[in-house]
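Trainee: I'd like to ask some things about the structure below.
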Amino acid sequence: KGLNPPLALPGLGPDALEAWITPPSYTGLPPQVLRPGQDRNKPLTVAEGSTLKAVLAGGWGRASLRLGDQSIPFQDDNDGGQRVEAVLGSGDTLVLRQGWREVASWPVTIIRDALPSIAFAVTPTADERGRLHVTLEASDDYGLTKAWIEIEGPDKPVLNHDIQVAGGGRKSLTLVHRLDMAAHEWA
């Protein structure tokens, strides 16, 4: 068995480290600040496609970020430090190294974005005025912001009609809509 004692020699470790994860904007989630020494038993939960940014000042050697099998070198910053930016897609541990030292590591769980779902709650019906009554059940893991109906006719282009999504950002909604088709050539 070998020993790997922690080294705390002056001038070898970084003077400062800032790291944060910014989720994709469609998630509505806030950025997460990463701190060295965070609880290693509790993985960070991050949305797939989140961006990790880290800035390192001081220390000895070139820094790199490892996520799963991927290793990304830091780039020199204008103020003498180093920085990295990476989109998170897979892996279960973020490891920041400088030279031969591990500066910080964080266990992560990357959550894949589920496809939104939308389906007819009941069969669409028409009324005597030519309006189409549609009731839809829709859901999305990060919240609904927009919905629309596309109607295709034989040898005709698609008819698109936006549906108002009241209370945007809710994870599931029942959408009730009347589509006035009376004046359309397909009616």
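Trainee: For the range 138-171: of the residues being on the phi > 0 side of the Ramachandran plot and either at pLDDT 85 or above or in contact with a Leu (Cβ under 8 Å, 6 or more places away or on another chain) (or both), which is least open to solvent (accessible area, probe 1.4 Å)?
Mentor: My answer is G143.
Trainee: Can you tell which of P31, P36 is at pLDDT below 85 and either surrounded by 14 or more Cβ atoms within 10 Å (Cβ to Cβ) or not acidic (D, E) (or both)?
Mentor: None of the others qualify; the one that does is P36.
Trainee: Could you tell me which of the residues T135, T174, T123, T109 is at pLDDT 85 or above and assigned to a loop (DSSP other than H, G, I, E, B)?
Mentor: Among T135, T174, T123, T109, only T123 is at pLDDT 85 or above and assigned to a loop (DSSP other than H, G, I, E, B).
Trainee: On to the next question. L94 passes all but one of (1) open to solvent by less than 30 Å² (accessible area, probe 1.4 Å); (2) more than 29 Å from the chain's Cα centre (by Cα); which number fails?
Mentor: For L94, the failing item is (2).
Trainee: I need every pair where a residue in the range 81-92 that is farther than 11 Å from E48 by Cβ and in contact (Cβ under 8 Å) with a residue 24 or more places away in the chain has its Cβ under 6 Å from the Cβ of a residue that is basic (K, R) and open to solvent by 30 Å² or more (accessible area, probe 1.4 Å), sequence separation at least 6 or different chains.
Mentor: E85/K53
Trainee: Picking from V87, V46, which residue would you name as being closer than 19 Å to Y142 by Cβ, open to solvent by less than 70 Å² (accessible area, probe 1.4 Å) and at pLDDT 90 or above?
Mentor: None of the other options fit; the residue is V46.
Trainee: Sticking with this structure for a sec: So which residues in the range 62-84 are touching a Phe, Trp or Tyr at 6+ places or on another chain (Cβ under 7 Å) and either of a type in the set (D, E) or loosely packed, with under 15 Cβ neighbours inside 10 Å (or both)?
Mentor: Scanning the range 62-84 gives a single hit, R62.
The values are calculated or read from the model by the stated rules, or taken from the named source; none is laboratory data. Because the structure is predicted, anything quoted here is derived from the model rather than measured. Cβ sites come from the backbone with ideal geometry, for glycine too, and all protein chains shown count toward neighbours. We work out accessible area using only protein heavy atoms, side chains counted, and drop any ligands, DNA or RNA first. Shrake-Rupley method; radii C 1.70, N 1.55, O 1.52, S 1.80 Å.
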